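Working notes, beginning with the structure itself.
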Amino acid sequence: MVRDCEFRKDLYYRLNIFPISLPPLRERKTDIPAFVGHFVQQFAASMDKTIENVPEETMRSLVRYPWPGNIRELQNYVARGVILSTDGNFESVPPEKGEALPVEISNPTLEDKVRQEILAACQRANWKLGGPREPPRDLA
């Protein structure tokens with residue numbers, strides 16, 4: 001975009017003067033109902049559906065879930081729920097029940113074993129990584 005003169009060369013540096021840091025969604029549980037309401041209306045409108053209700057039990061399970069994929073995971077979850085919804089009610093499987101179980105590979109390659117070890121390490125670290133000289137950061 002800089003090459004096509006659609007983006008100023010110095011804009012990134014000008015914007016970086018005042019960086020904005022947002023904590024991950026799991027640390028902002030009170031924001032989840034507002035995000036859910038917004039995403040439900042957004043996806044319902046794009047699918048020509050009317051959804052008037054998100055059941056309390058569903059909302060409680062959404063607030064309890066840690067959302068390792070952050071806002072995008074919540075957005076995708078709501079989109080699936082809107083697709084499944086009928087009769088003006090948001091219907092979806094609670095997120096903790098919707099996770100796929102790890103697949104056992106009969107003859108795993110070295111790449112498969114390394115992938116499994118990396119995923120296990122990320123889960124043990126609550127999906128945060130950091131080196132000895134830097135604070136942990138979200139993967140999501």
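Some values worked out for this structure:
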read-out: Accessible surface of region 1-114, 1.4 Å probe, proportion on carbon and sulfur as whole %; value: 56 percent
read-out: Burial order of peptide ranges 34-43, 108-117, 10-19, 49-58 (average beta-carbon count within 10 Å, highest first); value: 34-43, 49-58, 108-117, 10-19
read-out: Region 1-100, dipole about Cα centre (Lys/Arg Cβ +1, Asp/Glu Cβ -1), debye to the nearest 20; value: 480 debye
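The values are calculated or read from the model by the stated rules, or taken from the named source; none is laboratory data. Keep in mind the model is a prediction, meaning the values are calculated, not measured. Virtual Cβ from ideal backbone geometry, glycine too; neighbours counted across all protein chains shown. Note: areas computed on protein heavy atoms with side chains; ligands, DNA, RNA excluded. Shrake-Rupley method; radii C 1.70, N 1.55, O 1.52, S 1.80 Å.
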